[in-house]
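Visitor: Submitted below is the structure of interest, expressed as structure tokens.
None of the figures in this text is laboratory data; all of them are computed from the coordinates on show. Because the structure is a prediction, the values reported are computed rather than measured. So basically every Cβ, Gly included, is an ideal-geometry build from the backbone, and we count neighbours across all protein chains shown.
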Amino acid sequence: MLEVKNLQLSYEDDIVVKNVSFSIEKGTITTLIGPNGCGKSTIFKALTKLKKPDLGSVTLRKKDIKEMTTKDISKQIAFLPQSPIVPNDFTVRDLVGYGRYPHLGWTGRLSKKDQEISEWAISETKLESLQHRHVSTLSGGERQRAWIAMALAQQPKILLLDEPTTFLDIGHQFELLELIHRLNAFLDITVLMVLHDLNHAARYSDKIIALKNGIKFKEGTPREVVSKEVLEGVFDVEVRVFNDSSYNCPYCIPVNSKNKETYPITNKRFKCS
Amino acid sequence: MFNKKHRLIIITMIILLIILTGCQSPSQEVPQDQNNNQEENQPADEQLAEEVEVFASLFPEIVHDVTENTVTFVGGEEILTVTRSPQRVVVLQNSILDLWYLAGGEAIARVDGTTNVPDEAMDLPTVGSTSGFSLEAVIAMEPDLVIMSTAFSSHREIIPALIENNIEFVPITANMGPYEGFHRNLYLFSKILDRDDIFETRIHEITEEVAGLIEKVAVIGEKPSVAILFTSSRNVQLELNNSLAGEIAYMLDYENIASETGAEGANKVAFSMERLLELDPDFILVTTMGDLEQCEERLEQDVKSHEAWATLTAVQEDRIHFLPSDLFMFRPNARYPEAFEYLARIVTPEVFNLD
Amino acid sequence: MTNENTLSQLQKKTHFKIMVLLILFALVIASFLISIRFGAHRVSVNQIFRALLIDREGLTYNIIWKIRVPRSLVAAMVGVCLALSGGILQGVMRNPLASPNIIGVSSGAGLAAAITLVLLPNYSFLLTPMAFVGAFLTTIFIYTLSWKDGINPLRMILSGIAISSFMSAIVNTILIFHPDRVHNTLGFTIGSLSAKTWVHYRMLWPYALVGFFLAIIMSKKLNILMLGDEIASSLGLHVESTRVVMIMIASLLAASSVSVVGMLGFVGLIVPHMMRIIIGSDYRFLFPASALFGASLMMVCDTIARMVMDPMEIPVGIIMALLGAPFFLYLLRGGKMYRAGS
């Protein structure tokens, strides 16, 4: 569905993404992982035409996005950046309504159908009781759901999420990931997201792509990527990998840093009672 | 850096700018209608023609033509014609008002302030301050003639409105020496007022007296040098030959240590201690604008505090004089002879003992 | 069903906003009537009506029709243009302190004015077109200077401040060498409506009208832009081209006003803020509200400027500054700041 070929992106003279290729199949959940600054957010910018690639191409359902207008793309791809801004007096309902923008006629008015779709998006994200609240008054978790509702109202085929769980507590993180999983399973929305939590990535993704220093380090199933060798190579950290039988996915815990000079080993045992 | 789209947008904007600028230029309404009066009134009398010949020749470059009912002259950049003997006159600057009354005229309204206002005009209604007057108030007076100064943009900008309301006006240019302007404007006014008699007598007296003083001083061979320090509460400057005091000094042939030409239209230059030391004038004259105490403080700070101050000849010989502002800051107008004499008695007192 | 409840709630909000707009429109009419009622020449309402409708000539007619009416209309147009310009910039830059000054309009016009009024005093009729060109060119200059892979609003604001300071320094240098011309520039520096007549109105109204419509058309786009570049782009907006078009519209609106009236500050800054508190950040309502309120405010302030020390006229910019400064302090002390903050 979405194909990235030989993508190169740079800021001024700094090449941030070098020769990256991958493809996203319809109806799958793919997660990008990698150290900070490895180019993940930049790739997202290229996918929404916010940044022009130096080299390479991005094709959406066999069409090069260079030939498409941002409006056409926005009817198919919805993008949620990290920490989005919202002006103080938008209600949830207002915000979700903006998700309909790519589909509106020249008057820019929301038709009955648009209102219905907004309502549907609000109900999918369980925000009915909060819909007339100002977005700025919601908690972190509720706010993320509101943004997802807006993205849903766009009726996209692909959802791009840049670190959607980063600022949430474990409960809200779980809720959000379950929501994404549900949207993927029941609405057939393809998801490409960036996560920092490897275990989340392992449990919820069909495919994981690991990036390091702007190049693709490894692409594969969670079992293939969440492995000692790969993680050590990507994150410079020694991990121990376990298997979770109920969800049939790996999980890992870090044990040591590879930068032995900066972080010398302490044999001290931490008392946990 | 820029992609094609950007370049296109910028070029479009620049083209738009050029088109829109065309729309922004107000059509300069030249006071052509005023000139139409001229053709209708031709001098009829022989005597009148003679008069015209004699008196028009005094300042031919200013006053171009005088007929029975009109005067054609150079006002600002344009050649204007006004009707003689106006009855209802509004003057927008008091130093000009002073001249108007001196030439025998009267006004129905003036601007705020008391300096340079002749006694008879003190009780006139005002239309605001000279830089912030009300156009409405001027028009409400229903004047025949408005006299203003080209030095103020707020004066120049009402010209289209005056034309639209068929009100004649006289713009007085400010870019000449004050005494020269004094003489010329009085001449123009006396033509407009049809009061050559006053010009011939009262004004003539003044100019003659001034000329006499100049002659007197001319007797001395080498003239002393002077520095004229213009002091305000904010700074100290040196006056040039086209300032009020500077012109008087220049006409008396004293040597001004600041004798270059200033930037266009300026009559002062920045004060420089080096120049004062280098040229070491015989006399240091001080003009003050504003609060006297503050000016003295400023003088103390910017000038007298220099160590080298005490080495100046003028300081050592006690030849520092404060010039009274009513003669050397504000226009002396009718008191010009007094101003000339005041200065001469300071700088070249010896000529008065020769009497 | 929640459906009906929701719809009626939404309708109520919209109704309220439309009410506000109607009230503002009435305010404009009222301000206009007040401004032509008062002046140095005392006339009663009766006399005004008679002069305008029956006589159509004479002193009162001349004063009302040729001086007060055009002057008030110019004030209104300037209010519209500057308020819209400020509103656009606050949205595009996502910065509540944005105003036409930061895009170099004022300093560009000021420099052009200094050059015309001080160095070429005989060409003072060229003031308006020169100021217009100076204002607009400066915006283009600041825009190109801060362009790097697109426009970062903060970078543009900083460039604007730098360029404006530089131009101010040049203007001051010019004034140092021509101290006798300083009073020439006072009216322009502070903003003055004195002696504005139909000529100036004719110069301004096309901008006000076109600017008004453009702003209304672009209001939805500006709403989306307020959500951030990424989301706006995700929703299908051409972020860069929308931004440049809006900045240029804002510049044209401000340039047209500044070239006619001088460097009037505060209108572009405070009017959108005040309206935001009442009617919200939705630009579909904020723009018309700002335009209407800007017009009223200017007309009222000009009337005050003319009457407070009658017959002397204070430049209207001084009244605006006197109003603006306390308002600014109020903003700083945390009055409701509708800021696109994180």
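Visitor: At R0 = 25 Å, how high is the FRET efficiency between residue A:116 and residue A:136 if r is their beta carbon distance? Nearest 0.05 is fine.
Guide: Calculated transfer efficiency: 0.45.
Visitor: Pick from A:16, A:255, A:226: which residue has the top mean-square fluctuation in a GNM of chain A where Cα pairs under 10 Å get a spring?
Guide: A:255
Visitor: Find, among the chymotrypsin sites (Phe, Trp or Tyr not before Pro) in the stretch A:47-119, those assigned to loop by DSSP (not H, G, I, E, B) with at most 16 other beta-carbon atoms within 10 angstrom.
Guide: Answer by residue number: A:106.
Visitor: Run through the stretch B:231-306 and list the GluC sites (Glu not before Pro) located in a DSSP loop whose Cβ has at most 15 other Cβ atoms within 10 Å.
Guide: Hits after loop and neighbour filter: B:260, B:264.
Visitor: Here is a further query. Counting other C-beta atoms within 10 Å, which of A:83, B:233, A:118, A:245 has the fewest, and how do the rest follow?
Guide: Ascending number of Cβ neighbours within 10 Å: A:245, A:83, B:233, A:118.
Visitor: Using the Cα centre of the stretch A:116-256 as the reference point, and only Cβ charges (+1 on K/R, -1 on D/E), how large is the resulting charge dipole? Debye, rounded to the nearest 20.
Guide: Charge dipole of the stretch A:116-256: 160 debye, to the nearest 20.
Visitor: Let me ask another. Dimensions of chain A along principal axes (Cα, Å, largest first)?
Guide: Largest to smallest, the principal-axis extents are 66, 50, 34 Å.
Visitor: Using only Cα atoms, locate the centre of the stretch B:298-322 and the centre of the stretch A:7-30, then give the distance between them in Å, rounded to an integer.
Guide: Measuring centre to centre over Cα atoms gives 78 Å.
Visitor: Among the trypsin sites (Lys or Arg not before Pro) in the stretch C:136-230, which ones are in a DSSP loop with at most 14 other Cβ atoms within 10 Å of the Cβ? Mind listing them?
Guide: C:148
Visitor: Under 16 Å from a label point 7 Å along Cα→Cβ of residue A:5: give me every residue in the stretch A:51-75 with its amide N that close.
Guide: A:53-68, by backbone N distance to the label point.
Visitor: On average, how many beta carbons from a partner chain sit within 10 Å of the beta carbon of a residue in B:80-86?
Guide: For peptide B:80-86, the averaged partner shielding equals 0.
Visitor: Further, regarding this structure: Given only helices, namely DSSP H runs of n ≥ 4 each adding -39500 (n - 2.57), what is the per-residue ellipticity at 222 nm of the protein assembly as shown, to the nearest 500 deg cm²/dmol?
Guide: For the protein assembly as shown, the value works out to -15000 deg cm²/dmol.
Visitor: Using the crude model of +1 on Lys and Arg Cβ and -1 on Asp and Glu Cβ, and no other charge, please compute the dipole size for chain A relative to its Cα centre, in debye to 20.
Guide: Dipole of chain A, to the nearest 20 debye: 260 debye.
Visitor: Same structure again: Please report, in debye to the nearest 20, how large the charge dipole of the protein assembly as shown is about its Cα centre when each Lys and Arg carries +1 at its beta carbon and each Asp and Glu carries -1 there.
Guide: Dipole about the Cα centre, nearest 20: 9480 debye.
Visitor: Okay, moving on. Just grab the label-to-label distance for residue C:308 and residue A:83, each label 7 Å out from Cα along the Cβ direction, in nm (one decimal).
Guide: Placing both labels 7 Å along Cα→Cβ, they lie 4.3 nm apart.
Visitor: Tell me the label-point distance for the pair residue B:255, residue B:144, using the 7 Å Cα-to-Cβ offset, in nm and rounded to one decimal.
Guide: Label-label distance for residue B:255 and residue B:144, simple model: 5.3 nm.
Visitor: Assign one of three labels to chain C, namely rounded, prolate or oblate, based on the Cα gyration tensor with a ≥ b ≥ c the square roots of its eigenvalues; rounded applies when a/c is under 1.5, prolate when it is not and a/b is larger than b/c, and oblate otherwise.
Guide: oblate
Visitor: Still on this model: To the nearest whole percent, what portion of all C-alpha pairs in the stretch B:222-353 is separated by more than 17 angstrom? Present the calculation step by step, with values, prior to reporting the outcome.
Guide: Values: 4848 of 8646 pairs.
Considering the stretch B:222-353, 56 percent of its Cα-Cα pairs are separated by more than 17 Å.
Visitor: Taking Cα centroids, how far is the stretch B:75-129 from the stretch C:241-306 in Å?
Guide: Here the answer is 41 Å between Cα centres.
Visitor: Hey, if you put +1 on the Cβ of every Lys and Arg and -1 on every Asp and Glu Cβ in the protein assembly as shown, which of C:83, A:44, A:159 ends up farthest toward the positive end of that dipole?
Guide: A:159
Visitor: Starting from the Cα of residue C:322, step 7 Å along the direction of its Cβ; do the same at residue B:180; then give the gap between the two resulting points in nm.
Guide: Using points 7 Å along Cα→Cβ, the separation is 4.3 nm.
Visitor: Please report, to two decimal places, log10 I(q)/I(0) for the stretch C:64-149 at q = 0.15, 0.23, 0.24 Å⁻¹ as given by the Debye formula with identical point scatterers on the Cα atoms and no solvent.
Guide: Treating every Cα as an identical point scatterer, log10 I(q)/I(0) equals -0.71, -1.11, -1.13.
Visitor: Right, here's the next one. Please express the shape of the stretch A:89-152 as an equivalent ellipsoid: the semi-axes are the square roots of 5 times the eigenvalues of the C-alpha gyration tensor, given largest first in whole angstrom. Could you put the intermediate results ahead of the total?
Guide: On the way: eigenvalues 81, 26, 18 Å².
Semi-axes from the Cα gyration tensor: 20, 11, 9 Å.
Visitor: Can you give the FRET efficiency to the nearest 0.05 for residue C:119 and residue C:33, using r as the Cβ-Cβ distance and R₀ = 60 Å?
Guide: Once the sixth-power term is evaluated, E becomes 0.90.
Visitor: List the lysines whose Cα sits under 17 Å from the Cα of residue C:17, skipping any in the same chain fewer than 8 residues away.
Guide: Within the straight-line limit of under 17 Å, residue C:17 reaches these lysines: C:220.
Visitor: Additional query: Can you pull the mean other chain C-beta count within 10 Å for peptide C:93-101? Intermediate values should be presented prior to the final figure.
Guide: Working: counts 0, 2, 0, 0, 0, 0, 0, 0, 0.
Other-chain Cβ atoms within 10 Å of each residue's Cβ, averaged: 0.
Visitor: For the protein assembly as shown, what log10 I(q)/I(0) values come out of the Debye formula at q = 0.08 1/Å, with one point per alpha carbon and no solvent?
Guide: So the normalised log intensities work out to -0.88.
Visitor: Okay, next question. For the residues B:131, C:256, B:259, what sequence is obtained by ranking on other C-beta atoms within 10 Å, fewest first?
Guide: Result, fewest neighbours first: B:259, B:131, C:256.
Visitor: Another one. Starting from the Cα of residue B:15, step 7 Å toward the Cβ, then list every residue of the stretch C:106-141 with an amide N under 19 Å from that point.
Guide: Hits in the stretch C:106-141 for residue B:15 at 19 Å: C:137, C:140.
Visitor: For the stretch A:97-205, what are the per-bin percents of Cα-Cα distances with bins 5 Å wide, up to the bin holding the maximum?
Guide: With a bin width of 5 Å, the distribution comes to 2, 12, 22, 23, 20, 12, 6, 2, 1, 0.
Visitor: May I pose another question? How big is the gap, in Å, between the Cα center of the stretch C:98-150 and the Cα center of the stretch A:172-245?
Guide: 55 Å
Visitor: I've got another one for you. Of A:134, C:286, C:35, which is farthest along the charge dipole of the protein assembly as shown in the positive direction, counting Lys and Arg as +1 and Asp and Glu as -1 at C-beta?
Guide: A:134
Visitor: Additional query: For residue A:16, enumerate residues with amide H under 5 Å from its amide H, sequence gap 5+ or separate chain, H modeled in the peptide plane.
Guide: Result for residue A:16 returns A:9, A:10, A:11.
Visitor: Still on this structure, I have one more. Structure shown: which of A:51/A:112; A:63/A:218; A:218/C:221 lie over 29 Å apart, alpha-carbon to alpha-carbon? Write down the numbers at each step before the final one.
Guide: On the way: A:51/A:112 35 Å; A:63/A:218 26 Å; A:218/C:221 40 Å.
In this structure, A:51/A:112; A:218/C:221 lie more than 29 Å apart at Cα.
Visitor: Name the residue from B:272, B:310, B:243 whose Cα lies farthest towards the positive end of the charge dipole of the stretch B:222-353, charges +1 on Cβ of Lys and Arg and -1 on Cβ of Asp and Glu.
Guide: B:243
Visitor: May I ask you to derive the FRET efficiency for residue A:232 and residue C:148 from their Cβ-Cβ distance with R0 = 30 Å, giving the value to the nearest 0.05?
Guide: With a Förster radius of 30 Å, E is 0.20.
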